[in-house]
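The values are calculated or read from the model by the stated rules, or taken from the named source; none is laboratory data. Predicted, not measured: the structure shown is a model, and the values here were computed from it. Methodologically, a virtual Cβ is constructed for each residue, glycine included, from the backbone with ideal geometry; neighbour enumeration extends over all protein chains shown. Ligands, DNA and RNA are excluded from the accessible area calculation, which covers all protein heavy atoms including side chains. Shrake-Rupley method; radii C 1.70, N 1.55, O 1.52, S 1.80 Å.
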Amino acid sequence: MSEISRNGASGSGQPGRIGIGLELDAVHLKILEVLRENGRISVSSLAERVGISRANAYTRFEALRADGAIKRFTAEIDHVRTGLGITALIFVTVRQQMWKQFRAELARMPEVEYCAITTGQHDAMIQVRMSDVAEVHAMVTDRLANIPAVKATETVFILDEVLRRPYVLPSDRDKARPVRRAAQEAPGDVPLGKMRFVGAAEGRAALRKDG
């Protein structure tokens, strides 16, 4: 896979190693950027957007899939339209000797969309989507709290999901960095962060002039 990537590489992006050894370069990142906007784009359109040949686009796309950089394709749905308009984050404190049971019980809860082990006051964060607040309450008090591995819970309701991206890429950081322009300095101006010392004679002359 790395041989394919080296032969087709272009651009000046910072290379990285992913999966079984595919060289991840600027062209791979551009392909992932385009797929983030439209995962069903044709290979021809993908090649045109990235600025490479169709054969190169197909080879690179298949390499990304084979290497595991692209794990799968799925649909993004509107949860409100599907009847799950309430989203909640449940922070869980787990009894440290019972992690195995906690993971097993959580896997049997299909309404759990996401779970992550965290640092801080709590041990895990669970995200659920329900039809109403009563369903969230029942899930927490009747099911989650009754798991012996769960010591305590704290529930936070999400009022508005301001931003949700399918994924982020290293190349996104370069776009976010502001372009610094050299400021035009007028004669006598002191650049920000610098100091200008005034001699005693010069200072007295300035005072006499102002007087």
Would you mind computing, in nm to one decimal, how far apart the modelled labels at Arg40 and Ser131 are, each placed 7 Å from Cα along Cα→Cβ? 2.8
Over region 90-172, average the accessible area per residue using a 1.4 Å probe and give it in Å², no decimals. 64
